[in-house]
1. Measure of size requested: the Rg and Dmax of the chain, with Cα atoms as the atom set and Å as the unit; please supply both.
2. In the chain, if the dipole is taken from +1 on Lys/Arg beta carbons and -1 on Asp/Glu beta carbons about the Cα centre, which of Thr190, Val256, Asn4 is farthest to the positive end?
3. If you average 1/r over every pair of different alpha-carbon atoms in region 262-338 and take one over that average, what Kirkwood value in Å do you get?
4. Which whole-number value in Å² is the accessible area per residue of the chain, probe 1.4 Å?
5. Using just the helices of the chain, give the 222 nm mean residue ellipticity in deg cm²/dmol: DSSP H runs with n ≥ 4 each add -39,500 (n - 2.57), and the total is spread over all residues, rounded to 500.
6. Over the chain, what is the percentage of antiparallel beta bridges among all DSSP beta bridges, to the nearest 5?
7. Considering the zone a paramagnetic label at Asp154 would reach in this model (a point 7 Å from Cα along the Cα-to-Cβ line), which residues of region 56-92 have amide N under 18 Å from it?
8. Residue by residue, what Karplus-based ³J(HN,Hα) values in Hz, rounded to whole numbers, does region 155-165 have, using 6.51, -1.76 and 1.60 with θ = phi - 60° and x for Gly and Pro?
Amino acid sequence: MPLNIVVGGFFGDEGKGKIASYLALVDRPSIAVRTGSVNAGHTVIYNGRVYRLRLIPSFFVNPSTKLFIAAGALIRLDILFREVEETGSRGRIFIDFNAGVIEDRHIEMERSDPFLSKDVGSTLQGVGYAMADRVLRRLRLAKDFDVLRDMLIDVVEEVNKAVDMGETVYIEGVQGTFLSLYHGTYPYVTSRDTTASAFLSEVGIGPKKVDHVIVVFKSYVTRVGGGPLENELSFEEAEKLGLVEVATVTGRRRRVAQFNFNLARRAVILNSATQIAITRLDALFPGDRCVREWDKLSIDARKWLLDVEDRLRVPITIISTGEDVMCTVDRRRDYGVV
Ligand code: IMP
């Protein structure tokens with residue numbers, strides 16, 4: 001399974017960090033590449049510690065995995081250095097020469113933009129304004145910063161070489177399909193495309209090299225900020241169902257709706273999903289919390305999963321039943337994909 005991509009199927013916050021960290025431990029990839037930027041927070045709970053990562057790949061939990069940040073990514077120096085220390089990844093974290101760098105002025109401009117802050121509900125991390133500077137060809141890149149000198153690498157060369165040698169490589173996508181600048185609920189979207197093809201382009205690898213596209217859906221839909229959310233539940237209803245969540249980067253309460261098959265179907269198409277991962281199964285079926293085998297899941301949970309699989313026509317290979325990395329059902333062997 002040389003090249004794999006993990007992509008969010010709804011509006012972000014599907015639990016990609018959990019899925020990625022599980023895959024890190026089980027598949028032991030030689031390389032994991034993070035795309036996107038600091039507006040996306042991936043949560044990893046491992047060995048009793050909680051990591052809220054905004055730049056370092058969630059795959060850091062495997063100490064033998066080399067961690068890369070893609071050319072299309074936008075980094076912030078303070079966040080990068082903080083996370084390098086927090087994860088102890090110095091010496092195995094590398095950044096593409098061409099990754100962009102968000103500077104203070106981008107954050108200030110974003111904070112004083114009323115449309116982004118009030119209507120779109122931006123995370124206000126300066127990502128959109130840095131992206132605009134990149135389009136206008138005046139953004140400074142990682143290679144322009146002396147403090148990054150020891151971490152710079154040609155990610156394109158390294159990743160393509162590893163894939164050609166048959167090594168396992170993961171691309172960790174960010175946010176979710178419907179936050180895409182092109183395919184999402186414009187203008188209530190983020191400042192980049194967030195589908196699998198975009199992540200390949202950010203990393204610098206061609207479409208013919210992909211083996212698996214794992215689209216991650218949560219067992220219900222959440223979104224933060226503005227924009228449409230079909231069949232949105234009131235906060236009271238969400239509370240009653242135990243579906244209350246707080247956003248990783250902003251601390252805002254997430255809006256909630258039930259699993260949306262139309263969106264899921266479209267996400268399958270947009271990403272050419274080959275596998276589906278479902279997270280937070282335990283939110284719908286509390287009795288299945290931290291179950292690790294398919295046969296031990298309740299009949300109701302299995303029925304729900306089989307219905308999703310049937311309607312989306314893509315195998316559900318990974319099922320998360322709790323926030324800890326090991327609370328996971330892995331059906332990839334049953335489907336012959338490992
Ligand atoms: P921005 O990309 O920070 O400007 O935010 C634009 C919209 O995308 C806002 O509604 C944000 O709440 C949302 N958004 C951006 N990144 C994420 C993410 O990682 N998870 C969930 N929502 C996000």
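1. Rg then Dmax for the chain, in Å: 18.8, 57.
2. Final value for the positive-end residue is Asn4.
3. Evaluated over region 262-338, this radius sits at 12.7 Å.
4. I get 42 Å² per residue for the chain.
5. Details: 10 runs with 93 residues, N = 338.
It comes out at -8000 deg cm²/dmol, rounded to the nearest 500.
6. Beta bridges within the chain, antiparallel portion: roughly 30 percent.
7. Only 68-72 fall inside the zone, counting backbone N under 18 Å.
8. Taking θ as phi minus 60°, the curve returns 4, 4, 4, 5, 5, 5, 5, 4, 5, 5, 8 Hz for region 155-165.
The values are calculated or read from the model by the stated rules, or taken from the named source; none is laboratory data. Keep in mind it's a predicted model, so treat the numbers as computed, not measured. Counting neighbours? That spans all protein chains shown, and the Cβs are built from the backbone with ideal geometry, glycine included. Note: areas computed on protein heavy atoms with side chains; ligands, DNA, RNA excluded. Shrake-Rupley method; radii C 1.70, N 1.55, O 1.52, S 1.80 Å.
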